[in-house]
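Report on one structure; see the data block that follows.
The values are calculated or read from the model by the stated rules, or taken from the named source; none is laboratory data. Note that the structure is predicted; figures quoted are calculated from it, not measured. Cβ sites come from the backbone with ideal geometry, for glycine too, and all protein chains shown count toward neighbours. Only protein heavy atoms, including side chains, enter the accessible area calculation; ligands, DNA and RNA are left aside. Shrake-Rupley method; radii C 1.70, N 1.55, O 1.52, S 1.80 Å.
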Amino acid sequence: MTTKQSSPSKLEIDIQFASTAIKEKVLTIASQAAIKKWVKAAIALNGLITLRFVNAAEGKKLNFAFRSKDYATNVLTFPYELSNKTLTADIIFCLPVIQKEATEQDKVVKAHLAHLIIHGCLHAQGLDHESATEAKKMEAREIVLLSSLGFANPYAAI
C-alpha cells in the first residue's frame with residue numbers, strides 16, 4: 001500500500017530579459033536571488049510566475065496590444081490561473097520607465113523595482129486599485145510587504 005503525501009509548496013519563478021543589455025541593467029540594480037525573494041514575499045501559493053524585463057519599445061507594444069494605451073507603462077500583469085492554492089501569471093516590467101519614474105520621484109531604483117514587483121504580484125493575486133477602497137487595501141499590503149523586506153513606504157514621499 002502506498003501512502004499519498006502532500007507535496008510541499010512550490011512556486012516557480014522564471015525571470016526573462018528582452019535583451020542582454022536589459023539583463024545587465026537589471027542585474028546591476030538587483031540580483032536574481034533578490035528578485036525571487038521579493039516575489040516569494042508577496043506570493044504564498046504554488047504555481048509559476050514569469051517576470052519579463054523589457055525595453056520601452058516592447059513595453060509600448062504590449063501596453064497598446066492589451067490595454068489600448070499607446071505608451072510604455074512600468075508594469076503589466078497577466079494572471080492566467082488563480083485559486084486558493086495555485087497561481088500562474090506573467091508580469092512585464094519596462095525597465096526604462098521604472099528608472100525614469102525612480103529619478104522623477106527621487107527614489108532609489110532598487111526600492112522602486114522592489115515596489116513594482118510586489119505591486120505586480122498583488123495584481124496577479126486579484127488585488128487592484130480601481131476604487132479608493134481597493135487602492136487603500138492594496139497600498140497597505142504593499143507597505144507591509146516592503147517593510148518586511150527592509151524598504152521604506154513608497155507612498156510616504158508622494
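A few comments on the model shown:
- Near pairs, Cβ below 6 angstrom, 6+ apart or cross-chain, from segment 124-139 (closer than 18 Å to Asn84 by Cα and without any contact (Cβ under 8 Å) to a residue 12 or more places away in the chain) to any residue that is assigned to a helix (DSSP H, G or I) and open to solvent by 50 Å² or more (accessible area, probe 1.4 Å): Asp128/Glu134
- Residue match in segment 74-89 (condition: hydrophobic (A, V, I, L, M, F, W, C), open to solvent by 60 Å² or more (accessible area, probe 1.4 Å), in contact with a helix residue (DSSP H, G or I) (Cβ under 8 Å, 6 or more places away or on another chain) and not in a loop (DSSP other than H, G, I, E, B)): yes
- Considering residues of segment 126-158 that are over 17 Å from Val108 (Cα atoms) and of a type in the set (D, E, K, R) only, the residue least open to solvent (accessible area, probe 1.4 Å): Asp128
- Residues in segment 108-134 that are assigned to a helix (DSSP H, G or I), over 20 Å from Ile98 (Cβ atoms) and of a type in the set (Gly, Ala, Ser): Ala132 alone.
- All conditions but one from (1) surrounded by 12 or more Cβ atoms within 10 Å (Cβ to Cβ); (2) outside any loop (DSSP other than H, G, I, E, B) apply to Asp14; the one that does not is (1).
- The residues in segment 25-36 that are under 13 Å from Leu11 (Cα atoms) and either of a type in the set (Gly, Ala, Ser) or surrounded by fewer than 16 Cβ atoms within 10 Å (Cβ to Cβ) (or both) can be counted, and the count is 0.
- Within segment 38-50, residues that are more than 19 Å from Gln16 (Cα to Cα) and open to solvent by 20 Å² or more (accessible area, probe 1.4 Å) have Cβ atoms under 8 Å from residues that are outside any strand (DSSP E or B) and aliphatic (A, V, I, L, M) in these pairs: Ala41/Ile118; Ala41/Leu145; Ala41/Leu149, counting only partners at least 6 apart in sequence or on another chain.
- Taken as a whole, the structure leaves Lys85 outside the set of residues that are of a type outside the set (Gly, Ala, Ser) and at pLDDT 95 or above.
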